[in-house]
Amino acid sequence: MESIIFSTKISQNLERFLANTKHTKLGIIADSNTIRDCYPLISATLPEHHVFYFEAGEKHKNLTTCQNIWKWMTENDFDRQSVIINLGGGVTGDMGGFCASTYKRGMRFINIPTTLLSQVDASVGGKLGIDFMGFKNHLGVFTEPLAVIISQEFLPTLPTDEFRSGYAEVIKHGLIKNEHYFSCLKTTDWQNQAWTEIIEKSISIKKDIVEKDPKEEGLRKILNFGHTIGHAIESHYLDTPNHLLHGEAIAIGMLAEAYLSHSKMRMAKEDLTSITQTILEVFGIRYVAQSDFEAIASLCLQDKKNTGKIINCSLLKRIGECEYNIPISEEDILAALQYYHDLKHEPDTTTA
Ligand SMILES: NC(=O)c1ccc[n+]([C@@H]2O[C@H](COP(=O)([O-])OP(=O)(O)OC[C@H]3O[C@@H](n4cnc5c(N)ncnc54)[C@H](O)[C@@H]3O)[C@@H](O)[C@H]2O)c1
Ligand SMILES: O=C(O)C(=O)C[C@@H](O)[C@H](O)[C@H](O)COP(=O)(O)O
Ligand SMILES: [Zn+2]
């Protein structure tokens, strides 16, 4: 597993790390926001390097951007002894890591995650990839970074919606593995959490699972709770005015899959109520039209956990315990989406 460095002075930690990492060339991959807000925090102490940045956003996590990255690597004579630094959120980490690990069959890379979401989840565990044909992370590989360097110095410029998006993965970590963690999250205002503890706790939950099953042959599928339906919703609305951030879509996915946990796994009604209240308090209700349900359900047919035409979902037995490879039907998905839709009419739960 990659080494994870918790840093309070990113420029110094990175300088030290690079001094001990022999490389021919050094490349920085960022997006249009992190080049402005995050690169200045590390640029002064970096040794000689090349920079590539792309237009920020999920819709640029695609083959066209990858081609531009591979061209930049080639034109600047990167070789297998070169090192790439991915400076940004999950989009930069997933795509930059994918490009590095496929260029000349593999170059080393370091992740410097700059969003809450990428610090608690995306930068750890070696899942890399891009979207393709409208499906999330459809092309990709498992490759560990050389290191992940995590610093909260980047977070002050992160917009509130992006912060909240990352919080969805934090809630997920509590729901799948640690009831106590979830109940602490539940009782504290989400904007006033103790972020140092949250980041460390979430990473330790994820790391523990990934170490046991790095290539998602079994147990790791629990990290995908909320993602069967959540990814389908994210993909469906990606290029529309109703587009959702990854965590916002996963929050809806977790509500829908919590409903299925109750209906198919006998998770207690009190647990469903507690999950529903907690997620709605943070995320409110978002636009998911009934007329889109069929299309969303059919996107689930391409989920990577599936076996042939069987849609396998990760569902909760109770808060803090998740099971994987639970077959669900398209009708189940429609019922779960209806559950989400109907929450809009509950007087105490609608905030948006
Ligand atoms: N590989 C994994 O295990 C894994 C896990 C979870 C999510 N993901 C993927 O990660 C992606 C979502 O990650 P994300 O939420 O970090 O999205 P992102 O990379 O798009 O970053 C979110 C936004 O914040 C901006 N930004 C980043 N850092 C900033 C900073 N410090 N200050 C100001 N602006 C900043 C970015 O430019 C972008 O506009 C999705 O593609 C998802 O599929 C991967
Ligand atoms: O690390 C994992 O495993 C996860 O499932 C973490 C998820 O939060 C993340 O969104 C991941 O990229 C989803 O993977 P995918 O295999 O469903 O594309
Ligand atoms: Zn996710």
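The values are calculated or read from the model by the stated rules, or taken from the named source; none is laboratory data. Being a predicted model, the structure only gives us computed values, none of them experimental. Don't worry about glycine lacking a Cβ; one is built from the backbone with ideal geometry, like all the others, and counts go over all protein chains shown.
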Task: Given (1) closer than 30 Å to Lys201 by Cβ; (2) buried (at least 18 other Cβ atoms within 10 Å of the Cβ); (3) of a type in the set (A, V, I, L, M, F, W, C); (4) away from ligand 1 (no atom under 16 Å from the Cβ), index of the condition Ile28 fails - done: (4)
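Only residues that are of a type in the set (A, V, I, L, M, F, W, C) and either in contact with a Lys or Arg (Cβ under 6 Å, 6 or more places away or on another chain) or surrounded by fewer than 21 Cβ atoms within 10 Å (Cβ to Cβ) (or both): list them for the range 172-184, please.
Applying the first criterion (of a type in the set (A, V, I, L, M, F, W, C)) to the range 172-184 yields 175-176, 182, 184.
If the condition is that a residue be of a type in the set (A, V, I, L, M, F, W, C) and either in contact with a Lys or Arg (Cβ under 6 Å, 6 or more places away or on another chain) or surrounded by fewer than 21 Cβ atoms within 10 Å (Cβ to Cβ) (or both), then Cys184 is the only one that fits.
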Task: Residue list for the range 310-320, restricted to those being more than 20 Å from Glu234 (Cβ to Cβ) and over 20 Å from the mean Cα position of the chain (by Cα) - done: Ile310, Lys317, Arg318, Ile319
Open item on the list: Just to verify a result, which residue in the range 53-94, among those that are buried (at least 16 other Cβ atoms within 10 Å of the Cβ) and among the small types (Gly, Ala, Ser), is farthest from Gly106 (Cα to Cα)?
Closed with: Ala56
Open item on the list: Taking the criterion of being touching a strand residue (DSSP E or B) at 6+ places or on another chain (Cβ under 7 Å), of a type in the set (Ser, Thr, Tyr) and under 20 Å from Gly129 (Cα atoms), would at least one residue in the range 38-48 satisfy it?
Closed with: no
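Yes/no matrix, rows are residues, columns are (1) surrounded by 20 or more Cβ atoms within 10 Å (Cβ to Cβ); (2) within 14 Å of Ile171 (Cα to Cα):
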{"residue": "Glu248", "(1), (2)": "yes, yes"}
{"residue": "Met254", "(1), (2)": "yes, yes"}
{"residue": "Glu257", "(1), (2)": "yes, yes"}
{"residue": "Met265", "(1), (2)": "no, no"}
{"residue": "Ile279", "(1), (2)": "yes, yes"}
{"residue": "Leu301", "(1), (2)": "no, no"}
{"residue": "Lys305", "(1), (2)": "no, no"}
{"residue": "Cys313", "(1), (2)": "yes, no"}
- [ ] Would you check which residues across the range 149-199 are in a loop (DSSP other than H, G, I, E, B) and either β-branched (Val, Ile, Thr) or over 21 Å from Cys322 (Cα atoms) (or both) and list them?
- [x] Leu158, Pro159, Thr187, Thr188, Asp189, Gln193, Ala194
Open item on the list: Need the failing condition index for Thr188 against (1) surrounded by 24 or more Cβ atoms within 10 Å (Cβ to Cβ); (2) modelled with pLDDT under 95; (3) not aliphatic (A, V, I, L, M), just the number.
Closed with: (1)
Task: Sole residue being under 24 Å from Gly226 (Cα atoms), charged (D, E, K, R), more than 16 Å from ligand 1 (Cβ to nearest atom) and not assigned by TED's automatic domain parsing to the domain that holds Phe17, chosen from Glu179, Glu169 - done: Glu179
- [ ] Just give me the residues in the range 205-234 being out of contact with any Phe, Trp or Tyr (no Cβ under 6 Å at 6 or more places or on another chain), in a helix (DSSP H, G or I) and not hydrophobic (A, V, I, L, M, F, W, C), in sequence order.
- [x] Lys206, Lys207, Asp208, Glu211, Lys212, Arg220, Asn224, His227, Thr228, Gly230, His231, Glu234
- [ ] Filter the range 85-129 down to residues that are within 12 Å of the chain's Cα centre (by Cα) and not small (Gly, Ala, Ser), then give me how many there are.
- [x] 13
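Looking only at residues in the range 70-84 that are of a type in the set (D, E, K, R) and assigned to a helix (DSSP H, G or I), which one is nearest to the chain's Cα centre (by Cα)? I'd like the intermediate steps shown before the answer.
From the range 70-84, those of a type in the set (D, E, K, R) are 71, 75, 77, 79-80; that's our starting set.
So of that shortlist, the ones also assigned to a helix (DSSP H, G or I) come out as 71, 75.
Values: Lys71: 27, Glu75: 31 Å.
Result: Lys71.
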Task: Odd one out for Ala100, checked against (1) under 24 Å from Ser202 (Cβ atoms); (2) more than 14 Å from ligand 2 (Cβ to nearest atom); (3) buried (at least 24 other Cβ atoms within 10 Å of the Cβ) - done: (1)
Task: Evaluation of Ser202 against (1) without any contact (Cβ under 8 Å) to a residue 24 or more places away in the chain; (2) closer than 25 Å to Leu260 by Cβ; (3) not in a loop (DSSP other than H, G, I, E, B) (one fails), failing number - done: (1)
Task: Long-range neighbours under 7 Å by Cβ, at least six apart or interchain, first residue more than 17 Å from Ile4 (Cα to Cα) and near ligand 1 (Cβ under 10 Å from one of its atoms) within the range 136-162, second among the small types (Gly, Ala, Ser) and in a strand (DSSP E or B) - done: Asn137/Gly129; Gly140/Gly129
Open item on the list: Restricting to the range 90-137, give me the number of residues that are over 21 Å from Asn13 (Cα atoms) and either at pLDDT below 95 or outside the structural domain of Leu63 (by TED's automatic domain parsing) (or both).
Closed with: 0
